[in-house]
Every structure is written in C-alpha cells, then in structure tokens.
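All remarks here apply to the structure that follows.
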C-alpha cells in the first residue's frame, strides 16, 4: 500500500513538473537528448527483467542468458516500462520515432528496400515505400530549427537509394555517420570492410576502419564519441541518435564477447552481439560524464521491433501480430541523476518499473519536443503523447499498428486499448482475435467468440482510427481492390 501511495505522489510531482516547466524551458538552458535505438531487440533479449507477475518484477530464463550490465545500471537509475510498443518491422518504427505518427498515417508500413519498391501482390498501391522526404516534418529537423545540434550515428533506413531518407542530413540531422538506405550491413567485420560480395550494404563514412579487426559496433561507438566531443564544442544543446546496426543479421559477433558464451548455446552469436552493444552503450555514457554532460542529458533506450529470437513467455517474434512482434525494451533516465533545473523538467524516480499503462515509439517525439520547448508546425498531427503524461495516466491509452503487407504474418492491423488487444487479419483466418492482456499476457485465450460486445467496440475503435489516419488497405487477392476491415 505504501508503495502505491508513493507512486501516486511521484506521478503528481511529474505532472506538476510538466505543467510548470514545459512552457518556459525554451530560451533557457535546455536538456541534451541521447537516443539508443537497437535493431531487432525484444524485451527478453537482456538481463534486465521487463515483465512482472502479480505486480512484482519477474525474471525469466531468457533473462539469464544475456549479459547487459549497462542496461541494468540504466534501469537502476531510470524508469522502465513493462509494456512499450513499436511497429512489427524496422522502417515503420524508425519513421514513427522521427515523425510521432503511426505507420497508418505516414504510410511507410513495410521495411524499405534500398534498391526500389518493396511490394507483394496484395500490398496497397499507395503505401509510402520512399520513406521520409526532404520536406518531411521530423524531430531532428524541428530541433535543428530550434537551435539544437543534431547528429546521427549508425543505421538509418529512412528511405531507399536516391531518395532523401537515404541521407540523414537531408531529413534534419546536421551530422551523419554510417546512416544510409540499408537496413543491415554487409558484414560486421572491419577486415571485410563491413561488406560482402553478394550485396555490398556497406555503411558509409567508416573507411578508416576498413581492413582492421574492428567490429562494426565498436567502430560506430568510436564515431559517436568523436561526434559528441565535436557537438559539445558548438555550445548548442544536443540531440544524438545512436542507432546500432546490431543486433540485426548477419549474426557476426565480436570475438571479445563471443568467448563468454558456450559453443553449443543456441543463439550464441546473437547473445554476444547483445553484450557488445551493451558494452558500447556503457562507453558512450562514460564519455558523457567525461564531457561533463551527463547531468544535463536524458537517455532513452529502446528497440525498433520485436526480437528475431524467442520472447518467451510472450507469443510471437519480429514481423508477427502477437506481443513478441511489437513489444520492445524501453528505459528512460538521466545519464547522471542530479538535483538541477534541467532534471526538474522530468523528475524520474530511480529504479521505477511501470507496469500499468503502456507507452509507444510514437511518444518519443512529443516528449522530446515538450522537454526542449519546441513546437510542431500548425496543423501537424501527432499520434503520440508526452511520456510524462502517459506515466501519470493522463492520456488515452491506445495504439494502432497497421501492416498491410506479406511477411511472417501477413495483412493485419492490431489495436490496443488499455489492456485489451484486437487483431484483425484481412486475408487469413482467424479473421479476428481478442485478448485481455491483463489476465492473458501470453495471448493464449481468444475472447472474440465469448465477448461480442467488447469485440464490436474494439473493432469500431480500430476502424475509426484507420479512417482518421487515412490508412491504405491491402488488396483483395481476386479483385485487386482495397479491402477495408469488415466484421461479420
């Protein structure tokens, strides 16, 4: 009981900080932001337990497989969400992060093929396969205009070759290292020049590491250290976007970490790549301290879609419609907790584990804009919310995830509202599935045939959200006409 009262008082403090500080921060000293976006990392791919049982944090066997001491430290000094959602594949999530809009609205609903249109027979005709354009409203673009120095290191995947989204400098970043149209590297090994003979997929700007035994994660880390040092010299507040190519395939681990895992361990290379990424995050956070920036920097750590490996006890993996396909790890906290005016903007209680309402990747943009005192253009629609309000339970808790394409699971939309989840499949059976995640987090008990009233309510909410977002729908296999959702 005392814990719950303490949580309520803390939420009141967060709301008070939100009301008092958001409107006045612009023009005064502003926070730095460091976002770590990890490719293909699910909530179970870490030694940090994100799940709970009966209100208590619970570790599962997969948590014992991984070594992520830096994430553990971030969790001890920050706030982690048990339920945090992204899209089921990478490009839609990456564009949602930079636009604050759902995939249904920005229409990049599938991963972007760097070489051209990534389509299948029933994909919508008007889906946005070109990604972000030079005129797109983006988080780094708005921050740049508001006086921030914005930098990107690592995977981009915001547009195909020849389009603006292939170059982060054309969508709002002042500096770019290694960001391109590619969703994966040709190789993680420097002695292979980070490429391969079949499809080069060579991350740009890393030529000085070619021919050397330097893992790609390490090379990107070195570049981020350099960029942070240069950014501090500008005298501007900083927005740094660190998007490791890890832990996307090819699964080529750094030998320095591979030795920590038994040779017969399933997913050994993947686990070693997770540890290498975690070590890199630790080096970057230490560099913030060396630069005397840690007390003024908000750190956000998250994945871009569900794990390519198991997320047990959650059901499903990357690209699927179940929780394991869309749940990601999420931690937010100050790089070094302190009592100062910057951190008063969001007084994060160390070691918090939020198990009630959920957050989404759509929430990063409004949160960062509000904390920095930056406004969106008049009429621009944000689908996300300030995470301070989300945490305090002051927002409508919904999430629309739209995937009108073919993949592991094909042609579906999911709609979350509080602890309820609706899955609608446009072509496949079962056409609808309904889950109460508060009692059934593993999605084992489909209630669509047992609670018709709730099913109809959730379906109408989903349909309304799709219409409001002006979503595009998959095509009927026979007529090749768009097929909006219908409930029989």
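Things to note:
- Flag for residue 402 being in a strand (DSSP E or B) and crowded, with 17+ Cβ neighbours inside 10 Å: yes
- Among the residues of the range 384-399, the ones that are in a loop (DSSP other than H, G, I, E, B), at negative phi and over 18 Å from the mean Cα position of the chain (by Cα) come to 4 in all.
- Residue 109 being over 19 Å from residue 40 (Cα atoms), buried (at least 19 other Cβ atoms within 10 Å of the Cβ) and touching a residue at least 60 places away in the same chain (Cβ under 8 Å): no
- Filtered residue count, the range 341-373, keeping only those that are in contact with a helix residue (DSSP H, G or I) (Cβ under 7 Å, 6 or more places away or on another chain), part of a loop (DSSP other than H, G, I, E, B) and surrounded by 21 or more Cβ atoms within 10 Å (Cβ to Cβ): 2
- Subset of the range 414-456 [over 30 Å from residue 56 (Cβ atoms) and surrounded by 15 or more Cβ atoms within 10 Å (Cβ to Cβ)]: 424, 425, 426, 427, 431, 432, 448, 455
- Filter pass, residue 145 being over 18 Å from residue 87 (Cβ atoms) and surrounded by fewer than 20 Cβ atoms within 10 Å (Cβ to Cβ): yes
- Checking the stated criteria, residue 86 turns out not to satisfy the condition of being assigned by TED's automatic domain parsing to the domain that holds residue 383, more than 30 Å from residue 463 (Cβ to Cβ), buried (at least 24 other Cβ atoms within 10 Å of the Cβ) and touching a strand residue (DSSP E or B) at 6+ places or on another chain (Cβ under 8 Å).
- When 237, 250, 255, 266 are checked against the criterion of being modelled with pLDDT under 95 and assigned by TED's automatic domain parsing to the domain that holds residue 319, 266 stands alone in meeting it.
- Options 487, 447: the member that is touching a residue at least 24 places away in the same chain (Cβ under 8 Å), in contact with a helix residue (DSSP H, G or I) (Cβ under 9 Å, 6 or more places away or on another chain) and assigned to a loop (DSSP other than H, G, I, E, B): 487
- Selection count where residues are under 25 Å from residue 258 (Cβ atoms) and touching a helix residue (DSSP H, G or I) at 6+ places or on another chain (Cβ under 8 Å), scope the range 156-186: 4
- Residues in the range 390-405 include none that are in the same structural domain as residue 56 (by TED's automatic domain parsing) and within 23 Å of residue 146 (Cα to Cα).
- Within the range 324-340, the residues that satisfy the criterion of being in contact with a strand residue (DSSP E or B) (Cβ under 7 Å, 6 or more places away or on another chain) and not in a loop (DSSP other than H, G, I, E, B) are 326, 327, 330, 331, 332, 333, 334.
- For the range 355-368, filtering for residues that are more than 17 Å from the chain's Cα centre (by Cα) and at pLDDT 95 or above leaves 0.
- Flag for residue 377 being in the same structural domain as residue 122 (by TED's automatic domain parsing), at pLDDT 95 or above, out of contact with any helix residue (DSSP H, G or I) (no Cβ under 6 Å at 6 or more places or on another chain) and assigned to a loop (DSSP other than H, G, I, E, B): yes
- When residue 207 is tested against the conditions (1) over 25 Å from residue 272 (Cβ atoms); (2) under 22 Å from the mean Cα position of the chain (by Cα); (3) surrounded by fewer than 21 Cβ atoms within 10 Å (Cβ to Cβ), the lone failure is (2).
- Unique match (being part of a loop (DSSP other than H, G, I, E, B) and out of contact with any strand residue (DSSP E or B) (no Cβ under 7 Å at 6 or more places or on another chain)) among 222, 198, 208: 198
- Here is the figure for the range 117-156: residues that are within 21 Å of residue 383 (Cβ to Cβ) and without any contact (Cβ under 8 Å) to a residue 60 or more places away in the chain total 10.
- Test: residue 18 is touching a strand residue (DSSP E or B) at 6+ places or on another chain (Cβ under 7 Å), at pLDDT 50 or above and crowded, with 17+ Cβ neighbours inside 10 Å: no
- Of all residues in the range 450-484, those being assigned to a helix (DSSP H, G or I) and touching a residue at least 12 places away in the same chain (Cβ under 8 Å) number 10.
- Residue count for the range 269-321 under the criterion of being more than 14 Å from residue 247 (Cβ to Cβ) and part of a strand (DSSP E or B): the result is 4.
- So residue 46, is it surrounded by 24 or more Cβ atoms within 10 Å (Cβ to Cβ), in the same structural domain as residue 246 (by TED's automatic domain parsing), out of contact with any strand residue (DSSP E or B) (no Cβ under 9 Å at 6 or more places or on another chain) and not in a helix (DSSP H, G or I): yes
- Single residue of the range 254-286 satisfying the filter (surrounded by fewer than 19 Cβ atoms within 10 Å (Cβ to Cβ) and in contact with a helix residue (DSSP H, G or I) (Cβ under 6 Å, 6 or more places away or on another chain)) that is nearest to residue 329 (Cα to Cα): 282
The values are calculated or read from the model by the stated rules, or taken from the named source; none is laboratory data. Just so we're clear, the structure is a prediction, and the values are computed from it rather than from any experiment. All Cβ positions, glycine included, derive from the backbone under ideal geometry; neighbour counts span all protein chains shown.
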